[in-house]
Each structure stands twice: as structure tokens, then as C-alpha cells.
Amino acid sequence: QCLSQLVAFVPPGDGRQGEAGTAVVAVDTQHPLTLLLNSSVGDKELCKLQYHFGEFGNYSLVVRTQSTSTQAVSCDLVINEDPINSYLPILFAFLVYTGILAVLIAGHLVMKIDPIRNWVYKKLDPRETDRLINSELGSPKPSESLSSDSTLHLWSTTSRQRLRSLDTFRGLSLIIMVFVNYGGGKYWFFKHESWNGKKSVSSISHLSCRFVFIMGTSISLSLSSMLKWGSSKRKVLGKILWRSFLLILLGIIVVNPNYCLGPLSWDNLRILGVLQRLGLTYLVVASLELLFTRAGAESGILETPCPALQDILPYWPQWIFILLLEVIWLCLTFLLPVPGCPRGYLGPGGIGDFGNYPNCTGGAAGYIDRLLLGENHIYQHPSSSVIYQTTMPYDPEGLLGTINSILMAFLGLQAGKIILFYKDQHRQIMSRFVIWSTVMGIISAILTKCSKEEGFIPINKNLWSISYVTTMSCFAFILLLLIYYLVDVKRLWSGAPFFYPGMNSILVYIGHKVLENYFPFKWKMQDSQSHAEHLAQNLTATSLWVVISYLLYRKKIFWKI
């Protein structure tokens, strides 16, 4: 439903010399395009053609007059030069990383062979190895062995208390987000949708959504742990307020880069951002959980009318609060009058919707941000500006969308309660994850009418619509289920390498934003149009953060807020 844009004017040809009029234009290859050829006299439509052009292809649209009396014309698309296969760099990168993974797995298996392991240890530290392995005099004494065993038991017990699957889930989301933020090899399917809809690839790369979900899960586990260790609610509330303040402050610093440009002007300071939304969401959900948590609920001491809902019914005040927030979101989104825009408008504005509402980007969500924060203090280059040519600033981390991010974190909180209520009951935990995923999927199907861009409330990341939250929650429950099963239940996977950035998520996120334009995370390329060069640079930068987080993990350095 985009308003057609003029791309070229074809001058008339020289009929006496048989020369045709020509015009050369570059066209987009991300989406199928509709080409319209109109007559310069009367603006009559001569022909209409829809085609999905390929990257670096060369095409000709040949227009011939069929009849001078009826002025009928024919339009034929000719491929002069075939487009390139832009997916080969992805295949090559996949093979390289698969090879590295195979080498690491082979090395791990070889190290399980005693003679080889002893030889390697001897080469690395021959004196210590000889003392502990080869020398009878150097064998550990029974007391030393007992002490060592107890230490090992204590370490293993402590490590098991922390679910590696949560850090793995967080790290996986974070690393994919870092790759996408660095450019994703300049592939269109690694970018977020310009407005409505959801790509199959971007469904796993929405960090802000995945991160909010797993943050809610962590809130449930961490608050439960602090209260069990005797911390007062007042002290815990102080920690919640302090952490929220730090997240918001760090977010404002990160989204306003001003390196080597002189003093930053307060007139165009961006107020909102990813970390700011995380801070506000954390403040609400953690306070809600702290306020209504009930002693004995998680241990099953409290009796509930329906045992199957024992992880829900004791927290009914929380559910009422969340439902009230959603009612507020619905009322503001669909009932708030927005000057110059239809009530309940959810479109991108610009040339979208046939250009009828050019200044209505985001509807009520955009209007509230502009009204409360001012146009100069919100994001100036939204993703809708490229395709829909919008001119209005719009912040995808806006105030109205924060209501639904609270819902997303609350659903993650529910996942954490399931883990607490059914501790070590793996079948119960996984079955409930499946049930929640199914419920969220059904709600999404109803809201979107099973369509990608239509429905009562379309899937929209920019608006953080309810359907977007339920859809992402559906995937989040399934992804958490798979990682939990592989990492914590069957222990078939240690979570590496994603476990390491998951343990230092704040440092990796802030670091990748602050250092994104510095070597070795970025360098000047020979061909800025090359997918291969962009992909190599983006994968190198992303891999460096995995290595950095691994080294920090080995040194036991963790940045916690």
C-alpha cells in the first residue's frame, strides 16, 4: 500500500533514426517491486509490472508501441546480466564455523583419553604432573584427597544451583543481536522489519524482546534467593531502585555517543533506548514481584483450590495489575485522539497507506513520545524511514511500548516461577513451557488472524504490539525449553560458547555499542558493496566479543549491576 514514487522520466526517442529513449535507474532488491509506466500526456497508465530484482543484476524494461491508432504498448523485461548469488558468503562462513566446532569437539574427545591427557598436562606443567601422577611420593594424602573431594563437591553443588540454560539463553540472544547491530553482513533478512510483520530470521534476533523475557525469569530466581537468605524486603527494594537507575543512566550514555565531537547539546539528547526500557521494565516487574510475593508459596506450603495452577493463583494481584496495564495500552492505542490522524492508526505514515497519513508514524505511540519528550529527544532515524520515507521522528523504545515490554518480562517471570515451583521436576517444567508456548501462539493467531502483516493487531516490533509480545513469548518458551533440556536436564551441551557472554551480558552489550567503530571491530573495506567483506567484518567483531567474554569468565571477572 505504498504510494508510487517517481524514479525516472524516459525521454522520447528519435523515430527517424530508430533510436529509443532510455533512462537508467537503480532499484531496490529487498522486496518485490511494482513498476508503473505512465504516459507523459494525460498521465495514462501504459503498463504495470511486478518483479523481484536480484542483487547486481542488469535489466532492461523494453517498451514498444503495438498500435499507433490505439496507442497500445507492450512492456517486456529483459535480463541483460544475471544477478549474483549473494548467499555464497553465508555458506562459506557456515562451513568455517562448522569446521572450528568440529575441531573443538574432536579435541575435547581426544582429551578424554588418559595417556593423551597426561602427556598434554605434562607438557604444560611437567613438574606438577610428575608430582601428582608419576611419583608415588607425590600422591595426595588421604586428608588432602578428602579435602579436595569436598571442595570439588562444594563447587559442583554451587554450580548446579545456577541454571546454565538461563545464561546460555541470554548469551545466544545477545550474540545474535551483536551480529545484527554490527550489520549482519548487509543482508536484508538480518535487519528488523521496517514496520509490520516478522522475518523468520529476525524472530531469533530480537534481543530487546528475548532479553526482556529472560530478565523476567532471572528476577523470579534472584528475588527468591535473596529473600531466602534473609534479606529484608526494604533492602531488596533499595537494590531494585539502584539497579534500575544504573540501567537508565548507562542507557542514556550509550545512545548519545559524542566521542571527539565536543560537548553534547541538551537540546537533542535522546532520552529513551534499549537499556532505559530494560531499567523501567525491571523496576516495575521486580517491584511487583517483591510486593506480592508470599512466603511458602514456592515450597508448596500454601494450599490452592487448584493444584495445577499453584504457580499462578497465589499471585492473582500481579495478574490483575498486568491486565490493567494492557487495558491502558489498548485504550491509549485505539481511543486516544491524535491530531491529523485517524483514531487507532497503527501504520508507518510516510508513503505508506497510499500516502494518506504522512505525519502519523506510530499513531498514538509516536504522538505520546513527541508530546511528553519533544521531537528532538527521541530517535530520529527509525527503520520505517528507508522504505516508507517517513520524516517524523519515532522511537521504537517509546513510552507506550514499555507497557508491553512489562508484559513480556512478566511472562518471563512466570517461566522463573515454574522453575522454582517444580524444582528438579523436569517433566513438569518442560510440559508447562509447552503449554505456555501454545497459549501464546493461539493468542497471536487470533490477534493477527494468522497473517504476517494484517489482523486485529499486527505483529509490530516498532510498536511492541501485544501480538508481537505473544508471538515472541511463544518462541521464547520453546527456545528456553530446548536449551533447558539440552543443558540442564540431559547435560548434552555445556552452553558454550553462548554461556560466557550470557554471564557478562551488560559488559558485552555496552562494550559492543561503545567500541563498534574502532579497530579491530571495524576497519575500512575495499568494496563497501561486498556481502563477503561485510560478513567477514561483522562475524569477526562478534566472535571477538565471545572470546573476550570467555577470557573474562576464566579470570572470574563479571560486571554486575
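The values are calculated or read from the model by the stated rules, or taken from the named source; none is laboratory data. What you are looking at is a predicted structure, and each value in this text was computed from that prediction instead of being measured. Note that we place each Cβ from the backbone using ideal geometry, even for glycine, and neighbour counts take in every protein chain shown. Accessible surface is based on the protein model in full, side chains and every heavy atom, while ligands, DNA and RNA are left aside. Shrake-Rupley method; radii C 1.70, N 1.55, O 1.52, S 1.80 Å.
Within the option set V62, V10, being more than 22 Å from V386 (Cα to Cα), at pLDDT 85 or above and assigned to a strand (DSSP E or B) holds for one residue only, V62. Restricting segment 64-103 to residues that are in contact with an Asp or Glu (Cβ under 8 Å, 6 or more places away or on another chain) and surrounded by 11 or more Cβ atoms within 10 Å (Cβ to Cβ), the residue that is nearest to L37 (Cα to Cα) is P83.
One line per residue, one yes/no per condition, for (1) assigned by the TED database to the domain that holds F477; (2) closer than 29 Å to Q318 by Cβ; (3) in contact with a helix residue (DSSP H, G or I) (Cβ under 6 Å, 6 or more places away or on another chain); (4) not hydroxyl-bearing (S, T, Y):
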position: A365; (1), (2), (3), (4): yes, yes, yes, yes
position: L372; (1), (2), (3), (4): yes, yes, no, yes
position: E375; (1), (2), (3), (4): yes, no, no, yes
position: Q380; (1), (2), (3), (4): yes, no, no, yes
position: V386; (1), (2), (3), (4): yes, no, no, yes
position: Y422; (1), (2), (3), (4): yes, yes, yes, no
position: G441; (1), (2), (3), (4): yes, yes, yes, yes
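Annotation: of all residues in segment 330-351 being closer than 18 Å to P382 by Cβ and of a type outside the set (S, T, Y), the one that is surrounded by the fewest Cβ atoms within 10 Å (Cβ to Cβ) is I351. The number of residues in segment 352-367 being open to solvent by 20 Å² or more (accessible area, probe 1.4 Å) and touching a Phe, Trp or Tyr at 6+ places or on another chain (Cβ under 7 Å) comes to 1. Scanning segment 313-351 for residues that are part of a loop (DSSP other than H, G, I, E, B), out of contact with any helix residue (DSSP H, G or I) (no Cβ under 7 Å at 6 or more places or on another chain) and of a type in the set (V, I, T) returns a single hit, I351. Y367: modelled with pLDDT of 90 or more, over 29 Å from S165 (Cα atoms) and part of a loop (DSSP other than H, G, I, E, B), yes or no? Taking the combined requirement at face value, the residue does not satisfy it.
Taken together, V546, V514 contain a single residue that is of a type outside the set (D, E, K, R), out of contact with any Ser or Thr (no Cβ under 6 Å at 6 or more places or on another chain), over 28 Å from L95 (Cα atoms) and surrounded by 13 or more Cβ atoms within 10 Å (Cβ to Cβ), which is V514.
Residue by residue, here is whether (1) without any contact (Cβ under 8 Å) to a residue 24 or more places away in the chain; (2) within 30 Å of A496 (Cα to Cα) holds:
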| site | (1), (2) |
| --- | --- |
| L36 | no, no |
| L46 | no, no |
| N58 | yes, no |
| V62 | yes, no |
| Q66 | yes, no |
| S74 | no, no |
| Y87 | yes, yes |
| G99 | yes, yes |
| G107 | yes, yes |
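Residues in segment 221-266 that are at positive phi and either open to solvent by less than 50 Å² (accessible area, probe 1.4 Å) or modelled with pLDDT of 95 or more (or both): G262 alone.
The condition of being touching a Phe, Trp or Tyr at 6+ places or on another chain (Cβ under 8 Å) and surrounded by fewer than 24 Cβ atoms within 10 Å (Cβ to Cβ) does not hold for Y500.
Please state which one of L480, L552 is open to solvent by less than 60 Å² (accessible area, probe 1.4 Å), without any contact (Cβ under 8 Å) to a residue 60 or more places away in the chain and at negative phi.
Values: L480 fails: without any contact (Cβ under 8 Å) to a residue 60 or more places away in the chain.
From the options L480, L552, the qualifying one is L552.
Every condition in (1) without any contact (Cβ under 8 Å) to a residue 60 or more places away in the chain; (2) in contact with a helix residue (DSSP H, G or I) (Cβ under 9 Å, 6 or more places away or on another chain); (3) open to solvent by 10 Å² or more (accessible area, probe 1.4 Å) holds for I459 except the one numbered (1).
Restricting attention to segment 187-220, the residues being modelled with pLDDT under 90 and either within 26 Å of D353 (Cβ to Cβ) or in a helix (DSSP H, G or I) (or both) number 22.
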